[in-house]
Structures are given as structure tokens and as C-alpha cells.
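Novice: First the structure, then my questions, so here it is.
The values are calculated or read from the model by the stated rules, or taken from the named source; none is laboratory data. Every value quoted in this text rests on a predicted model; they were computed, and no experiment measured them. Note that each Cβ is placed from the backbone with ideal geometry, even for glycine, and that neighbours are counted across all protein chains shown. Just the protein is used for accessible areas: all its heavy atoms, side chains included, with ligands, DNA and RNA removed. Shrake-Rupley method; radii C 1.70, N 1.55, O 1.52, S 1.80 Å.
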Amino acid sequence: MDRKTAEEAVGDMEAEDPGQRAADRLPDYAERVLETAESIPPGRVMTYGDVAEWLGEGGPRQVGRVMALYGGGVPWWRVVRADGRLLPGHELRALAHYRGEGTPLRDAAAAHTDGTHLPRLDMRRARWDGDDPGRSMAHN
């Protein structure tokens, strides 16, 4: 059986209605990305690239596209940028989740566009390798 590449799956996703989350309409790659996001323990994160590496398919952009189209029903705040910056446009919502889950954060170094200072994720401590919930991934 011929399997689609991650790029082909993302192309299929762009043609679909992003509001639909029914399993029969969700491409296989997207389903696997969302399942991975759901498996990340509270207080831990994986980068877009970590998720792609874990799946052995696609890359950070493909994972980001899946999360943008379908990620609203899963803990989207646990799939993050490698530099630890909070997701643009969703910073305050993500920060509330991080604080509620005890996700390790670093002090704010720069002002947000509205003048507030937002922390970054402490990637060394928060990053999860998909294995033992008590062990962090080495930062690339």
C-alpha cells in the first residue's frame, strides 16, 4: 500500500475544512501529530521538530500546519517553538496553561508588543523526549 508523504498529507489538509475534526476526515499524519500532542504530560513540552522526529516523518513546518488546522482540541500549548517563545497571538492563553501545569519558565527578557514582559519556556527543563515523564531531552 502506498503511503502519502507528510507534505502530501499537509496538501490534503489545506483542501479540507479546518473546522472539521472527525476522525474519518482527518489525514493519518494529522491524527498521529494530534495523538503525540495528547501524550505529552502536563508541565512538559515538545518542539514542532521533536514531534516530527518522534513520528519519523515530516518536519517542524508540517507539524505546525497540523497544529494550526486541527490542534484546538488537544493541548496545543505543549507543542512549541524550539527557542521557548510563546506562540504569537496566544501568549496569554498559553502562559495560563503553563502556570497551571507548573511548566518550567524563564524570566522575561524582552517586552511583548503590548508592553508586558512575557517569560519563555525553560526548554532545558520543560522538554520531554516522549519516553520517561521524569526525563528531559537534550537541547539541540
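Novice: Can you report the number of residues in the stretch 93-115 which are at pLDDT below 95 and among the hydrophobic types (A, V, I, L, M, F, W, C)?
Specialist: Residues in the stretch 93-115 being at pLDDT below 95 and among the hydrophobic types (A, V, I, L, M, F, W, C): 4 in total.
Novice: Right, next: Could you please give the count of residues in the stretch 74-110 that are among the acidic types (D, E) and in a helix (DSSP H, G or I)?
Specialist: Total meeting the criteria: 2.
Novice: Show the residue pairs that are 6+ apart or on different chains and have beta-carbon atoms under 8 Å apart, the first residue being within the stretch 54-69 and under 16 Å from R81 (Cβ atoms), the second being among the polar types (S, T, N, Q) and open to solvent by 70 Å² or more (accessible area, probe 1.4 Å).
Specialist: none
Novice: Also, quick follow-up: For the stretch 67-113: of the residues being open to solvent by 70 Å² or more (accessible area, probe 1.4 Å) and among the charged types (D, E, K, R), which is farthest from the chain's Cα centre (by Cα)?
Specialist: Top of the filtered list is D107.
Listed here are the residues, each with its yes/no results for (1) surrounded by 12 or more Cβ atoms within 10 Å (Cβ to Cβ); (2) farther than 24 Å from A108 by Cβ; (3) at pLDDT 90 or above.
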position: E16; (1), (2), (3): yes, yes, no
position: G19; (1), (2), (3): no, yes, no
position: D24; (1), (2), (3): no, yes, no
position: P42; (1), (2), (3): yes, no, yes
position: R61; (1), (2), (3): yes, yes, yes
position: R65; (1), (2), (3): yes, yes, yes
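Novice: Given the criteria out of contact with any strand residue (DSSP E or B) (no Cβ under 7 Å at 6 or more places or on another chain), closer than 18 Å to M123 by Cα and either not β-branched (V, I, T) or not in a loop (DSSP other than H, G, I, E, B) (or both), does A68 qualify?
Specialist: Values: out of contact with any strand residue (DSSP E or B) (no Cβ under 7 Å at 6 or more places or on another chain): yes; closer than 18 Å to M123 by Cα: no; either not β-branched (V, I, T) or not in a loop (DSSP other than H, G, I, E, B) (or both): yes.
For A68, the condition - out of contact with any strand residue (DSSP E or B) (no Cβ under 7 Å at 6 or more places or on another chain), closer than 18 Å to M123 by Cα and either not β-branched (V, I, T) or not in a loop (DSSP other than H, G, I, E, B) (or both) - is not met.
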